[in-house]
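J.: Take this structure first; my questions come after.
The values are calculated or read from the model by the stated rules, or taken from the named source; none is laboratory data. Keep in mind it's a predicted model, so treat the numbers as computed, not measured. Cβ placement follows ideal geometry from the backbone for every residue including glycine, while neighbour counts extend to all protein chains displayed. Note: areas computed on protein heavy atoms with side chains; ligands, DNA, RNA excluded. Shrake-Rupley method; radii C 1.70, N 1.55, O 1.52, S 1.80 Å.
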Amino acid sequence: MVEASPKVVVVVPTYNERENLPVLAGLLAGLDLPNLHLLVVDDNSPDGTGEIADKLAAESGGRVTVLHRTEKDGLGRAYVAGMTRALEDGADVVVQMDADLSHPASVLPLMVSTLLADDTAVVIGSRYVPGGSTADEWPWHRKALSAWANLYVNTILGLGVRDATAGYKAWRAQTLRAIDLPSVHSNGYSFQVELNHRVVRRGLTIKEVPIRFEERVEGASKMSLGVQVESALAPWKLLREGRGGKP
């Protein structure tokens, strides 16, 4: 009997991504990765992204599904909703991926194979391991801020992860259950840090594979001042509260 391929569900939160979403869906469909599914989590985008997602789903033969949410309440909340749905739908591997084409779809098969090769809990698509890089379009101060943010997080929490704020990740389903995903309270980019913190607190293994992080082509960045402030305070909050999940 031929063993079935693990079900891989890519969770992509969207808000005003009507130009990028069809491109991303096409890139994922073209990968040599069996049993790959796309779950779009749309936060009631006023530009019609949700309708485009529905059209993609109708034409996908069951490989694309859509979770419509009625309000825009942050990246972390969208991911928790989407990742929870993926687990309910029987995913073996859950992937976090941005809709803005900054995360290279071509690296996804390597991330999944690295995850499943041993007992690794999560694989990060990393800008800061050898072979990784950021877009040439990034100005020097943006690159410096990103590098400093990772140093800052690791100094406070001791994660031992080179790209602690990265949002491109492949998770084992059992890891997400072990870290009690529904109880994650962070939002914005600090969501990524809290997830890593919970994994490290349990002594689970994080691996990183290099990616080139590209600048978005269409649409606007979601990085607001409020998100930046929350991200700066989150490591101290996690350290003070000891709330990386149940020990």
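Results for (1) of a type in the set (V, I, T); (2) open to solvent by 40 Å² or more (accessible area, probe 1.4 Å); (3) more than 19 Å from G167 (Cα to Cα), shown as yes or no for each residue.
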{"position": "S45", "(1), (2), (3)": "no, no, yes"}
{"position": "V64", "(1), (2), (3)": "yes, no, yes"}
{"position": "G82", "(1), (2), (3)": "no, no, no"}
{"position": "V94", "(1), (2), (3)": "yes, no, no"}
{"position": "L108", "(1), (2), (3)": "no, no, no"}
{"position": "S113", "(1), (2), (3)": "no, yes, no"}
{"position": "G125", "(1), (2), (3)": "no, no, no"}
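J.: Still on this structure, I have one more. Here are the criteria: (1) in contact with a helix residue (DSSP H, G or I) (Cβ under 6 Å, 6 or more places away or on another chain); (2) at pLDDT 75 or above; (3) part of a loop (DSSP other than H, G, I, E, B); (4) surrounded by fewer than 20 Cβ atoms within 10 Å (Cβ to Cβ). Tell me which single one E218 does not satisfy.
T.: Going through (1) in contact with a helix residue (DSSP H, G or I) (Cβ under 6 Å, 6 or more places away or on another chain); (2) at pLDDT 75 or above; (3) part of a loop (DSSP other than H, G, I, E, B); (4) surrounded by fewer than 20 Cβ atoms within 10 Å (Cβ to Cβ) one by one, E218 breaks only (2).
J.: Would you pick out the residues in segment 12-33 that are in contact with a helix residue (DSSP H, G or I) (Cβ under 8 Å, 6 or more places away or on another chain) and either assigned to a helix (DSSP H, G or I) or open to solvent by 70 Å² or more (accessible area, probe 1.4 Å) (or both)?
T.: Of everything in segment 12-33, those that are in contact with a helix residue (DSSP H, G or I) (Cβ under 8 Å, 6 or more places away or on another chain) and either assigned to a helix (DSSP H, G or I) or open to solvent by 70 Å² or more (accessible area, probe 1.4 Å) (or both) turn out to be R18, L21, P22, L24, A25, L27, L28, D32.
J.: Read through the list (1) hydroxyl-bearing (S, T, Y); (2) farther than 24 Å from L110 by Cα; (3) open to solvent by 50 Å² or more (accessible area, probe 1.4 Å), then give the number of the only condition that T205 fails.
T.: (2)
J.: Could you check how many residues of segment 161-175 are in a helix (DSSP H, G or I) and touching a helix residue (DSSP H, G or I) at 6+ places or on another chain (Cβ under 9 Å)? So that I can check it myself, show each step before the final result.
T.: Our first condition is that a residue be in a helix (DSSP H, G or I); within segment 161-175, this holds for 173-175.
This time we only want the ones that are touching a helix residue (DSSP H, G or I) at 6+ places or on another chain (Cβ under 9 Å), so: 173, 175.
Adding up the residues that qualify gives 2.
J.: Only residues that are more than 19 Å from T175 (Cα to Cα), touching a helix residue (DSSP H, G or I) at 6+ places or on another chain (Cβ under 9 Å) and either among the acidic types (D, E) or assigned to a helix (DSSP H, G or I) (or both): list them for segment 72-97, please. Before you say what the answer is, go through the steps one by one.
T.: We begin by selecting, within segment 72-97, every residue more than 19 Å from T175 (Cα to Cα); these are 72-75.
Remaining after also requiring touching a helix residue (DSSP H, G or I) at 6+ places or on another chain (Cβ under 9 Å): 72, 74-75.
Matches in segment 72-97: L75 only.
J.: Would you confirm whether any residue within segment 172-180 is out of contact with any Cys (no Cβ under 8 Å at 6 or more places or on another chain) and at pLDDT below 90? Quick ask: steps written out before the conclusion?
T.: Step one: filter segment 172-180 for residues out of contact with any Cys (no Cβ under 8 Å at 6 or more places or on another chain), giving 172-180.
Add one more test, that the residue is at pLDDT below 90, and what stays is none.
No, there is no match, as no residue in segment 172-180 is out of contact with any Cys (no Cβ under 8 Å at 6 or more places or on another chain) and at pLDDT below 90.
J.: Same structure, new question: Given the residues V199, V193, V209, which is the only one that is modelled with pLDDT of 90 or more and either of a type in the set (D, E, K, R) or in contact with a helix residue (DSSP H, G or I) (Cβ under 6 Å, 6 or more places away or on another chain) (or both)?
T.: Numbers: V199 fails: either of a type in the set (D, E, K, R) or in contact with a helix residue (DSSP H, G or I) (Cβ under 6 Å, 6 or more places away or on another chain) (or both); V193 fails: modelled with pLDDT of 90 or more.
Just a single option satisfies the conditions, and that option is V209.
J.: Hey, another quick one. Between V41, V80, V66, which is hydrophobic (A, V, I, L, M, F, W, C) and within 12 Å of A99 (Cβ to Cβ)? Please lay out each step first, then the result.
T.: On the way: V80 fails: within 12 Å of A99 (Cβ to Cβ); V66 fails: within 12 Å of A99 (Cβ to Cβ).
Unique residue meeting the criteria: V41.
J.: Checking G76 against (1) open to solvent by 20 Å² or more (accessible area, probe 1.4 Å); (2) in contact (Cβ under 8 Å) with a residue 60 or more places away in the chain; (3) closer than 27 Å to G188 by Cβ, which single condition isn't satisfied?
T.: The one condition G76 does not meet is (1).
J.: Read through the list (1) open to solvent by 20 Å² or more (accessible area, probe 1.4 Å); (2) in a strand (DSSP E or B), then give the number of the only condition that V40 fails.
T.: The failed condition is (1).
J.: Can you find a residue that is closer than 19 Å to Y168 by Cβ and not aliphatic (A, V, I, L, M) anywhere in segment 41-55?
T.: First, the residues of segment 41-55 that are closer than 19 Å to Y168 by Cβ: 41.
Filter once more, so that each one left must be not aliphatic (A, V, I, L, M): none.
Checking segment 41-55: not a single residue is closer than 19 Å to Y168 by Cβ and not aliphatic (A, V, I, L, M).
J.: Counting only residues that are surrounded by 16 or more Cβ atoms within 10 Å (Cβ to Cβ) and either modelled with pLDDT of 75 or more or touching a His at 6+ places or on another chain (Cβ under 6 Å) (or both), how many does segment 127-151 have?
T.: 7
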